[in-house]
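Here's the structure we're looking at; comments come further down.
The values are calculated or read from the model by the stated rules, or taken from the named source; none is laboratory data. Treat the numbers as computed from the prediction; the structure is a model and nothing was measured. Note: ideal-geometry Cβ built from the backbone for every residue, glycine included; neighbour counts use all protein chains shown.
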Amino acid sequence: MEPLRYTTHRLTHFWGLAAAMTVSEASARDVIQELWALCDALRDDGVTAQDYLTELTYLLFLKMLSEQGHENVLPESARWDALVNSQPANALAHYSETLATLAIHTDKNVATIFANARTSVRNSATLMRIIGAIQSLSWYASDVERIGDIYEGLLEKIATDRKSGAGQYFTPRALVDCLVSVTRPVAGEIIQDPAAGAGGFLIAAKRAVDARSGPKGGTARFIGSEIVPDTFRLLLMNFLLHDMKTEDLVSADTLSAAGTRLPTSDLVLSNPPFGVSKGGRKPDREDLTLTGDSRNKQLAFIEHIGRALRPGGRAAVIVPDNVLFAGGVARQVRTWLLDEFVLHTILRLPSGIFYAQGIRTSVLFFNRIAGASTKDTWFYDLRAGLPAFGRSRPLRFDDFADFILQFGEKSDGSGKRIDAGETESRFRKVSREELAKRNDTLDVIWLVEPDASEEELEEPRDILDAVREHMQRALAAVETLAARVDAV
């Protein structure tokens, strides 16, 4: 059998002008709602949202090959039409046999999609409902983005469904688009996400590159690493559905030796996992000299990202707020960023935009410039006094409009900026000297309006996280005050 490869050249060969599947006379949102409604219906059969997404990944992959006319890489019994035409009473057995066959397929992409594949569907009737829903959609080879958008929409639906617990691999699309908008990826760059999840940052960066370079322009190289096998499956599928090369996707732990093999990059966009490594495991990398003895994952990822930047490279990294004010290793990492990089911007994000609503987050924007260090850091507060974000008021790209304007027109943050000096301004500049007086604490707050999202907290764990953060922030303030007193 001929290997299954997904490159622009081969997609052009099979689909015409790099085209893929689309949905006729229906928006992607309508299709997402249709497939999600089926997910809700299947809950009664014990199929969870995350299980349902896994089933869709298997089935959409087979349907995709069918639409491409590229099923010759699969045994006839494992092809889409064979599933559609299964005898109702034997459909589940046939499907299970198909999964087992494809899990050991010689093609790398096929084997990865179906690695350790097991169906969570319990009866043939339920399976045929899912197959029938996919089969009823009219797909045509004319729009490479539409089916990818549908898949991303389902990822978002499931990630924001608290029952699924899937939020760890999904960053809100509005936030992703904001960070891509200001960092301005371009053709020819190496773009990396060392905690890629389902690939949202890399796919958005691809869109931005294509929009800037045009149909005849070049593209970038997209590097993604993901440790969780099931999530890596979603990442791979997302790339395939967006006509992106998969050669630079790695199923590995970035904080292990595998992370040292990721190429240095021009741009890193990432939302690393928060918290302490399971089992208290430390990073297994000699080059992480600051965080090598720490079990704090987000700090180790920050160090990896800093060391992964090429000279002239830039990064936008989402971190929990405690990175901004905690002591110990966190303080060492902050000082390292300020002294060895240009930490030019920090964006205080609204609360409630992630699945763990009690955790507040910010974005660090920094560049690696030979011989340069931080002179000033600009802080933008997109939290104080704003309404609570969540299901009733989702975060939208328009919410970032003023930040994008204030960020400026340079991808490295060096464009013209204005500090109006007004206490109610959301954008303020703080000098490196002032940060040093603060014991290199980056938790700079000047707007006193309350964070409305705290009023929306209901889960005990979320409330506990919020209380813990307030206590940590208060302790950091005491330590900063003590440092100033000692310096007198």
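Quick notes
- The single condition among (1) at pLDDT 85 or above; (2) out of contact with any Ser or Thr (no Cβ under 8 Å at 6 or more places or on another chain); (3) among the polar types (S, T, N, Q) that Thr423 does not satisfy is (1).
- The residue of segment 212-243 that is surrounded by the most Cβ atoms within 10 Å (Cβ to Cβ), among those that are hydroxyl-bearing (Ser, Thr, Tyr) and part of a helix (DSSP H, G or I), is Thr231.
- Test: residue in segment 300-309 that is surrounded by fewer than 18 Cβ atoms within 10 Å (Cβ to Cβ) and of a type in the set (Asp, Glu): no
- Hits in segment 324-334 (condition: out of contact with any Asp or Glu (no Cβ under 6 Å at 6 or more places or on another chain), farther than 13 Å from Leu364 by Cα and surrounded by 21 or more Cβ atoms within 10 Å (Cβ to Cβ)): Ala326, Ala330
- Out of Val209, Val182, Val186, one residue alone is over 16 Å from the mean Cα position of the chain (by Cα), outside any helix (DSSP H, G or I) and farther than 23 Å from Ala117 by Cα. It is Val186.
- Hey, Lys429 assigned to a loop (DSSP other than H, G, I, E, B) and closer than 13 Å to Thr345 by Cβ or not: no
- Any pair with Cβ under 6 angstrom, 6 or more apart, that starts in segment 188-216 at a residue that is touching a residue at least 60 places away in the same chain (Cβ under 8 Å) and ends at one that is basic (Lys, Arg) and surrounded by fewer than 24 Cβ atoms within 10 Å (Cβ to Cβ): Ile190/Arg221
- Among (1) charged (D, E, K, R); (2) out of contact with any strand residue (DSSP E or B) (no Cβ under 9 Å at 6 or more places or on another chain); (3) over 26 Å from Ala205 (Cβ atoms); (4) assigned to a helix (DSSP H, G or I), the one test that Glu286 misses: (4)
- Whenever a residue of segment 284-297 is in the same structural domain as Gln332 (by TED's automatic domain parsing) and at negative phi, its partners that are surrounded by 21 or more Cβ atoms within 10 Å (Cβ to Cβ) and among the charged types (D, E, K, R), lying with C-beta atoms within less than 6 angstrom and at least six residues away or across chains, give the pairs Leu288/Glu303; Leu290/Glu303; Thr291/Glu303.
- No other residue among Ser120, Ser96 is outside the structural domain of Asn238 (by TED's automatic domain parsing) and in contact with a helix residue (DSSP H, G or I) (Cβ under 6 Å, 6 or more places away or on another chain) apart from Ser120.
- Among the residues of segment 402-429, the ones that are surrounded by fewer than 13 Cβ atoms within 10 Å (Cβ to Cβ), in contact with a helix residue (DSSP H, G or I) (Cβ under 9 Å, 6 or more places away or on another chain) and within 12 Å of Val182 (Cα to Cα) come to 1 in all.
- All helices (runs of 4 or more DSSP H) inside segment 73-165 with 2 or more residues being at pLDDT 90 or above: 80-84, 91-103, 108-113, 124-135
- Here Asp321 meets each of (1) under 29 Å from Glu156 (Cβ atoms); (2) in contact with a Lys or Arg (Cβ under 6 Å, 6 or more places away or on another chain); (3) crowded, with 22+ Cβ neighbours inside 10 Å; (4) of a type outside the set (S, T, N, Q) with one exception, condition (3).
- Taking the numbered list (1) closer than 23 Å to Lys297 by Cα; (2) touching a residue at least 40 places away in the same chain (Cβ under 8 Å) in turn, Gly224 passes all entries but (2).
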